[in-house]
Every structure is written in structure tokens, then in C-alpha cells.
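Any read-out appearing in this document is the output of simple, stated calculations on the displayed coordinates, not a laboratory observation. All values reported here derive from a predicted model rather than from experimental measurement. With ideal geometry, Cβ positions are generated from the backbone for all residues, glycine too; neighbour counts draw on all protein chains shown.
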Amino acid sequence: MSAANKLKVALIGAGGSAEAIGSPAGFRSAGSWGMQHARIWSSRPDVDFCAIVGRDEARTEAKADLFGTRAYTSIADMLERETPDLVSLCLPNQGHFDATLQVIRAGFPLLVEKPLVFDLREADELMNEAAKRGVFFAINFNHRYAKPVELAKAAILGGRLGDVTFASWRFGGEGGPGHPHANLIETQCHGIDMLEYLCGPIESVMAEMTDMTGGGYRTMSLALRFRSGAVGSLIGTYDSSYAYPDTHRVEIDGTRGRSVIHDTVKKYTYHAAGSEIGESWEAGYFNDADREFHRTFDKHADAVLAALRAGEAPPVGAMAGYRALLVADAAVRSFESGRRVAVGER
């Protein structure tokens with residue numbers, strides 16, 4: 001730790017611009033989302049934001065100057081000179097593996113952005129290397145920290161839904177080219193994680209996908225079976241718009257009630273079984289923190305640093321990212337084979 005008992009945090013990934021903070025692009029772009037990392041680590045009084053690592057020297061220097069930290073173009077140099085307590089990684093979606101492996105092998109605690117990686121062999125290597133070293137390895141599934149999600153989780157744990165019988169996730173917006181299964185792996189990993197977080201492990205998948213708009217399988221529908229016996233569905237697309245109201249919706253039905261999450265942070269509703277009168281939550285007039293999507297990351301950062309200081313496991317460990325990739329892999333295999341595929345089947 002640095003002076004005044006501050007945790008030293010370094011950021012790998014210098015993409016994005018200052019104007020991206022709080023913009024819609026900040027949700028979709030890895031570079032712009034990296035600005036959220038920088039905003040959080042530079043603004044916390046309990047953190048010494050010690051470094052930013054980027055590939056372009058001038059761009060990285062400019063970003064470091066903006067946030068009052070030091071610039072590096074070499075991960076190894078930064079780790080040796082700064083010895084951070086936590087390394088935060090926010091890189092292009094298909095560029096996660098090499099930098100993550102380097103930090104793990106150096107033995108530093110880390111928080112990575114989703115997806116973990118796109119390839120299960122790479123995921124296996126990351127998980128095995130981290131396990132051998134006992135490295136604190138967190139992944140930023142920040143949707144879990146939205147107020148409606150917290151309320152839904154509390155309703156399930158409190159028995160208000162009874163036994164969950166089915167759950168559905170729908171999330172659609174825009175996305176660019178890159179990988180044929182980009183939407184499934186880099187965006188709907190949030191949905192896979194959310195459904196498993198709320199309803200337990202997904203046991204098997206049946207999938208339909210379409211590439212009718214070009215640029216890969218941008219739209220998909222998955223039928224899910226949970227280990228508990230419940231069933232579910234996931235619909236995801238890059239052929240829609242984040243501007244549409246209710247572009248994101250999660251419904252969890254049980255034997256005693258139903259919970260619904262609207263647009264992640266916008267609204268939560270609960271109805272007891274058989275009742276036309278329900279409960280709802282929406283952020284109040286002065287409650288900007290709970291109405292803003294980006295602040296879900298602030299809440300996750302609180303939990304990450306608390307766990308790190310206490311010597312505990314991450315609140316959302318990298319295994320959640322591994323699970324999301326396992327389910328995505330099963331979905332691809334199901335679509336290609338036309339049959340139901342068990343999660344983890346190789």
C-alpha cells in the first residue's frame with residue numbers, strides 16, 4: 001500500500017476520450033468504458049491511482065496527465081516500478097488474453113473486464129495459472145450491482161418468489177463487426193451471468209441464431225435448463241437499439257411470486273402470486289446514484305476493494321466469466337448441431 005493506507009491501483013488500457021465519460025458510447029466501447037475505470041480509481045480517496053498503461057505513448061501520456069497519474073507503454077515496467085495492489089484491465093474485447101496472463105503470472109491481484117476471453121483453451125490457461133498462484137482474480141459483471149438486481153436477489157433469497165420455475169433475459173442494442181459470436185460472448189455474457197446469479201447454474205442449452213443482417217450471428221434465442229429444474233430463455237441482439245425503452249428486461253417467476261427488472265437500473269417490480277397489486281422501485285428525485293448505469297461499477301469497485309483489504313475472495317470471481325463462456329460455447333455447439341448441449345460438454 002502507498003502512504004495514508006491507500007491501495008495502489010494501476011489501469012491497463014488507455015482508450016477513450018474525456019467526453020466519453022457518462023456517454024452512451026461508454027457502455028458499448030471498451031475504450032470509452034476504460035474511462036470509467038480511470039474515473040473511479042482517480043476519484044477515490046482510499047486509492048492511489050498510480051499508473052495507466054497503453055500502447056500509444058502520446059495518447060497514454062495525455063490520459064495520464066488528465067487523471068494525474070503516470071504513463072507506461074510496458075506492462076512489465078509498470079508492474080516492476082509501481083508494484084500495485086490491484087491491476088484493473090480494460091482492453092478491446094478480443095485482446096484480453098495476453099495482458100491478463102502476464103499480470104497473473106507476475107502474481108498481482110487483478111480486476112478484468114468481461115468477457116474473460118473468447119476461447120475456452122485460453123480461459124482454461126488463465127484460470128489454471130491464477131489458481132496455481134492463488135491470485136485475487138475478479139471480473140466486472142457490474143450489472144449485479146444495479147438496485148433492481150439487488151432487490152430481485154433479495155426477493156429470491158427471502159423466499160418471496162418461492163421455487164423459481166422460469167427466468168427470461170432480453171437485451172438488444174447496436175454492435176460492430178469483429179467475431180461471428182461477438183454479441184453472444186461479449187455482451188450476452190452479462191445475461192448468462194445474471195441468470196446464473198439469480199437462478200443457479202445453467203445445465204443445458206438449445207440455440208437458434210441468425211446472420212441475416214451480416215457481420216456474424218448478431219441475433220440469437222437460447223432455451224435454457226437450470227440445474228434446479230427451472231427453465232429459461234435468453235434473447236440477445238445487435239440488430240436493435242439501446243435507445244428503445246425497455247431494451248433490457250429480466251423476468252423471474254416462481255411458485256410464490258414474480259420479479260421484473262427493467263433497463264437494468266430503471267425499475268423493479270414484484271407481484272405475489274395471484275395478486276393484482278404489486279410493489280415497484282424507481283430511483284427518487286435526488287437518487288442519481290441508483291438511476292445511473294455507470295455507477296453500478298462504482299458499487300462493484302467498493303466491494304472489490306473491501307474484499308482485497310480483508311484478504312477475501314473477489315465478490316465476483318473470474319469463474320463467473322468462465323461459466324459465461326462455457327454456456328456460450330454450449331450455445332454455439334447447439335446451434336451448429338441442432339441439438340441440446342450440456343454446459344461443459346467438449
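A few comments on the model shown:
- Tilt relative to the chain, helix 30-43 - C-alpha long axis, 0 to 90 degrees, to 10: 60
- Using only side-chain charges placed at the Cβ, +1 for Lys and Arg and -1 for Asp and Glu, the dipole size of the chain relative to its Cα centre rounds to 540 debye.
- Overall form of the stretch 251-327 per C-alpha gyration tensor (a/c, 1.5; a/b vs b/c): oblate
- Matching label, percent of Cα pairs over 28 Å apart computed from the structure shown, candidates [x] 47; [y] 43; [z] 34: [y]
- The relative contact order of the chain comes to 16 percent, based on Cα pairs under 8 Å that sit 6 or more residues apart.
- Helix-only arithmetic for the chain: the sum of -39500 (n - 2.57) across DSSP H runs with n ≥ 4, divided by the residue total, places the mean residue ellipticity at 222 nm at -11000 deg cm²/dmol.
- Listed values for the stretch 50-60 are Karplus-derived 3J(HN,Hα) couplings in whole Hz (6.51 cos²θ - 1.76 cosθ + 1.60, θ = phi - 60°), namely 8, 6, 10, 10, x, 7, 9, 4, 5, 5, 5, and x replaces Gly and Pro.
- Shape of the stretch 198-296, Cα gyration tensor, a/c cut at 1.5: oblate
- Value of relative contact order over the stretch 182-332, rounded to a whole percent, pairs C-alpha under 8 Å and six or more apart: 20
- GNM flexibility winner over the chain from A38, A131, A330 (Cα, springs under 10 Å): A131
- Helix 97-106 and the long axis of the chain differ in direction by around 60°, with both axes built from C-alpha atoms.
- Its residues counted as N, the stretch 156-200 yields a C-alpha radius of gyration over 2.2 N^0.38 Å of 1.50.
- DSSP beta bridge pairing in the chain, given as percent antiparallel to the nearest 5: 60
- Exposure proxy ranking, count of Cβ atoms within 10 Å, fewest first, for S337, S32: S337, S32
- Neighbour-count order for S241, S233, fewest beta carbons within 10 angstrom listed first: S241, S233
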